[in-house]
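The values are calculated or read from the model by the stated rules, or taken from the named source; none is laboratory data. Treat the numbers as computed from the prediction; the structure is a model and nothing was measured. Neighbour counts run over all protein chains shown; Cβ positions are idealised from the backbone, glycine included.
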Amino acid sequence: MSDAVTDQVAEALPGLIELRRDLHQNPELGFYETRTAGIISGRLNAAGLKVRAEVGGTGVVGVLETGRAGPTLMIRADMDALPVEELSGLPFASSNGQMHACGHDGHITMALGAAELLARRTDDLSGTLVFVFQPAEEFVEGAKAMIADNVMADHAPDRVIGLHLWNQYETGFVGVNQGTVFASADQFELVITGKGGHGALPHTAIDPVVITAQVISALQTVVSREIPPNAMGVLTVGQVIGGTAPNVIADFVTVRGTIRAYTSEIRDQIIAAAKRTASGVAETMRGSAEFRLLNGAPPVVNDPEVAAWLTGIAGSVPGVERVGAHEEVPVGDDMAEFINRVPGCYFLLGAGDPERPPHHNARFVFDEGCLPLGVEIFARAALDYLAK
């Protein structure tokens, strides 16, 4: 049943769609979101929020203070795009070789829409709202950068919420899990070192290419033989760089890959096993292996109490047809860094259907019909949690 909140969202929607399309047409990569951050800062300032820019690099924080004592709710949205040449065919498609192929333009729009709506309703609120617009989610570095820049220490939220629109669920569905949402996501690098030499005289060298082949094969046993069959774990080698010529034995080979898990315990187990296995195989073959994590984030695990509360909020929004649990997804998101520090909930917002191209695809398109639903869920959550 619609009410004043729904009417406010409907009134703002044409402008929000225009904003989303402008952001989509002008995407920016992680830690380079200067234009995006400028737009966000300008709109937050115009709405009357206190704004701090350049938080953790290019992040933006908008604070809405009611002047009355109460809890603090943090709402987080990510800003960055991907290095993808867009092939969507949209009239507002990007042409700069970068693309919002994961819906972050929608996330920005929904959080800004909620901020602007709530700034007009401070008489209904007691406490503080903190809107966090985070850079560099795609390589899971932006949340840590903002936290290191005191975003949570300065505002001390009692709860944190956020959403990820999800193309493989139909518009009208809101997915809320009371536990794991997304997997951990760690990128690793192995440097396999041998001793270079002539390709015709392999006995005078220590061939890191051959060692690397054995290391990669051995790494495939980490999940299949060390992780329980009922636990999710992934170890994928996606990049091998080595050698300069067919007749030269290189000094070293670089291997990069990704590790995923639904629990921190399995995550730690895979990382330790990968390091041990690579070093052991390399040393057996007279070489060495140096393992290091390039970047990473823990699993996204919702607080059950906050998730139950948000389930009720989402169910009250006109246009939301179904609220329920969803399958855990083995992608990663550094929303985990916020939820690990404060009770929180990260929910999925249906934005299409299973036949649409998936996220990170050059033809990715989401249904803009999800935008008012996300704005209203955020707004109603704030009005409920900070009820006067």
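Would you mind finding the one in ILE206, ILE216, ILE211, ILE192 that is outside the structural domain of ALA308 (by TED's automatic domain parsing) and touching a Lys or Arg at 6+ places or on another chain (Cβ under 6 Å)?
ILE206
Test GLU28 against the stated conditions and say whether it is in contact (Cβ under 8 Å) with a residue 12 or more places away in the chain and either outside the structural domain of GLY374 (by TED's automatic domain parsing) or in contact with a strand residue (DSSP E or B) (Cβ under 7 Å, 6 or more places away or on another chain) (or both).
When the stated conditions are applied, GLU28 does not pass them.
Might you check whether a residue that is within 23 Å of VAL9 (Cα to Cα) and crowded, with 24+ Cβ neighbours inside 10 Å occurs anywhere in region 132-145?
Yes, some residue in region 132-145 is within 23 Å of VAL9 (Cα to Cα) and crowded, with 24+ Cβ neighbours inside 10 Å.
So how many residues does region 195-235 have that are surrounded by fewer than 13 Cβ atoms within 10 Å (Cβ to Cβ) and assigned to a strand (DSSP E or B)?
1
In this structure, is ALA153 touching a Phe, Trp or Tyr at 6+ places or on another chain (Cβ under 7 Å) and in the same structural domain as ASN177 (by TED's automatic domain parsing)?
So ALA153 does not fit the description; no.
Please state which one of ILE271, ILE249, ILE259 is touching a Leu at 6+ places or on another chain (Cβ under 6 Å) and either closer than 30 Å to HIS203 by Cβ or crowded, with 17+ Cβ neighbours inside 10 Å (or both).
The conditions single out ILE259.
Being crowded, with 18+ Cβ neighbours inside 10 Å, assigned by TED's automatic domain parsing to the domain that holds VAL160 and under 19 Å from ALA145 (Cα atoms) narrows it down to one of ALA37, ALA53, so name that one.
Exactly one of ALA37, ALA53 is crowded, with 18+ Cβ neighbours inside 10 Å, assigned by TED's automatic domain parsing to the domain that holds VAL160 and under 19 Å from ALA145 (Cα atoms), namely ALA37.
Starting from residues that are touching a helix residue (DSSP H, G or I) at 6+ places or on another chain (Cβ under 8 Å) and part of a strand (DSSP E or B), keep the ones in region 157-180 and report whichever is nearest to ARG356 (Cα to Cα).
Taking the candidates together, the pick is LEU165.
If ILE266 satisfies every condition in (1) over 26 Å from CYS370 (Cβ atoms); (2) hydrophobic (A, V, I, L, M, F, W, C); (3) part of a helix (DSSP H, G or I); (4) in contact (Cβ under 8 Å) with a residue 40 or more places away in the chain but one, which is the exception?
Failing condition for ILE266: (4).
What about VAL255, is it assigned to a helix (DSSP H, G or I), on the phi < 0 side of the Ramachandran plot and more than 22 Å from the chain's Cα centre (by Cα)?
Judged against the criteria, VAL255 is not a match.
Filter region 57-91 down to residues that are more than 20 Å from HIS359 (Cα to Cα) and assigned to a strand (DSSP E or B), then give me how many there are.
11
Output the number of residues of region 139-156 satisfying the condition of being in a loop (DSSP other than H, G, I, E, B) and under 24 Å from GLY42 (Cβ atoms).
Total satisfying the criteria: 2.
If ALA111 meets every condition in (1) surrounded by fewer than 24 Cβ atoms within 10 Å (Cβ to Cβ); (2) under 23 Å from the mean Cα position of the chain (by Cα); (3) of a type outside the set (Val, Ile, Thr) apart from one, which number is that one?
The failed condition is (1).
From GLY350, GLY312, GLY344, GLY332, grab the single residue that is in contact with a strand residue (DSSP E or B) (Cβ under 7 Å, 6 or more places away or on another chain) and under 21 Å from LEU125 (Cα atoms).
GLY344
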